[in-house]
1. Taking the conditions exactly as written (modelled with pLDDT of 95 or more and either in a helix (DSSP H, G or I) or open to solvent by 70 Å² or more (accessible area, probe 1.4 Å) (or both)), does Arg78 satisfy them or not?
2. Answer yes or no as to whether Arg41 is on the phi < 0 side of the Ramachandran plot, modelled with pLDDT of 70 or more and in a helix (DSSP H, G or I).
Amino acid sequence: GLELSHCVGANSLGPPVPWRSRGPCKMKRVRTVFKPEQLERLEKEFLKQQYMVGTERVDLAATLHLTETQVKVWFQNRRIKWRKQSMEQKAAKLSQFGVIQPATADSTDIKDHEEDTVDVEL
């Protein structure tokens, strides 16, 4: 499952803030470290299909000894990486032909897909 690190205190990011110090303890999720075999299988499945849903995701998670959420988030993050790589390749091809792209195109396109990035706190 997901591991949680120590309680993040109100004083961890500077001087005490009165309205924060009375709040509940927030647990910070430890980043999942995937085994090479898990990554290999996840990448293989991603090459077949960029969206993993339903029983396929449940089965893959069970096979890899991961939670369904870990698989879902991995696919979401991998799609963002894939889109970014596609954009960079497209920009490189255009630059070969002397076509100059506006500087804001990359950042705008990535922002459009930020909803795919998920920071899960359980």
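The values are calculated or read from the model by the stated rules, or taken from the named source; none is laboratory data. As the structure is a computational prediction, the values presented were derived from the model and not from experiment. Only protein heavy atoms, including side chains, enter the accessible area calculation; ligands, DNA and RNA are left aside. Shrake-Rupley method; radii C 1.70, N 1.55, O 1.52, S 1.80 Å.
1. Numbers: modelled with pLDDT of 95 or more: yes; either in a helix (DSSP H, G or I) or open to solvent by 70 Å² or more (accessible area, probe 1.4 Å) (or both): yes.
Considered against the rule, which asks whether it is modelled with pLDDT of 95 or more and either in a helix (DSSP H, G or I) or open to solvent by 70 Å² or more (accessible area, probe 1.4 Å) (or both), Arg78 comes out as yes.
2. Details: on the phi < 0 side of the Ramachandran plot: yes; modelled with pLDDT of 70 or more: yes; in a helix (DSSP H, G or I): yes.
Judged against the criteria, Arg41 is a match.
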